[in-house]
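What follows draws every value from the coordinates through simple rules; no lab data is involved. All of these numbers come straight from a predicted model, not from anything done at the bench. A quick note on method: Cβ atoms are made from the backbone with ideal geometry, for glycine too, and the neighbour counts reach across all protein chains shown.
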Amino acid sequence: MSSNRLKKKKFFDRLLIKNRLIILNEDTFEEIFSFKLNIMSVFVSLSLGAIFLISITTVLIAFTPLREFIPGYSSSKLKRDATVLALKSDSLSIALKKNEIYIKSIQKVLNGDLEYAKFNKDSILSNSDEAPVHVDLSPSQKEIELRKRVKEEEKLDFKSQKSNSKKKTR
C-alpha cells in the first residue's frame, strides 16, 4: 500500500517539477526567450485552449449562417419557401376540388341526369364548401366557479388598494 502511495507522490511531484523551455537562434546560439514551465501548467493551458477553440467554433456555427453548410441543417430561405409552397398547394387542392365538383355537375347536365334550369354554378360551389365543425364553446361548471372566485378576489384587491390609497393621501 505504501509503495502505491509513493508512486502517486512521485507522479504528482514529476508534474510539478519546473523545466525551462529555451528558444535559441541556431546560427549564433543566442537565446531569443525562455520559459519556466511544469507539466501541469502545460496540461492546464492546452486544456483551456482546446475548450476555448471548441466553444468559439460552436458559437460560430450556431449563431452564424455557417450552419447551413453542415448536412442536416436547412437554410431559413428554404424553410420560408417550403411554407409558401405548402400554402399554395393547400389553396390549389381546394380549387381542384371545386373544379371537379363543377365538372361532375356539368357532366350530369350533358348526360341528361339534371335539368339545365336547376344547374347553377354558384349553388354547386356553395355545396362544395366544407361545413364548419360545431364546437361547444359554453363554459363548464368548473370554469364558471373559477370566474366567480377571480371576480371575488379582484373585488377584495380593489377594496384593499382603495383603502391603502386613502391612508397614503392623509
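Among 96-109, 2-15, what's the highest-first ranking by average C-beta atoms within 10 angstrom per residue? Write down the numbers at each step before the final one.
Values: 96-109: 12.9, 2-15: 9.4.
Result, highest mean first: 96-109, 2-15.
For region 2-69, what's the relative contact order in percent, using C-alpha pairs closer than 8 Å and at least 6 residues apart?
22
When Lys and Arg each count +1 and Asp and Glu each count -1, what net charge do the other residues less than 13 Å away from K7, Cβ to Cβ, add up to?
My count for the surroundings of K7 gives +4.
In whole angstrom, how long is each semi-axis of the equivalent ellipsoid of region 2-69, when you take the square root of 5 times every eigenvalue of its Cα gyration tensor and sort them from largest down?
In descending order the semi-axes read 36, 26, 7 Å.
Averaged over every viewing direction, what's the projected area of the C-alpha convex hull for region 53-104? Give it in nm², one decimal, please.
For region 53-104, averaging the hull's shadow over all directions gives 4.6 nm².
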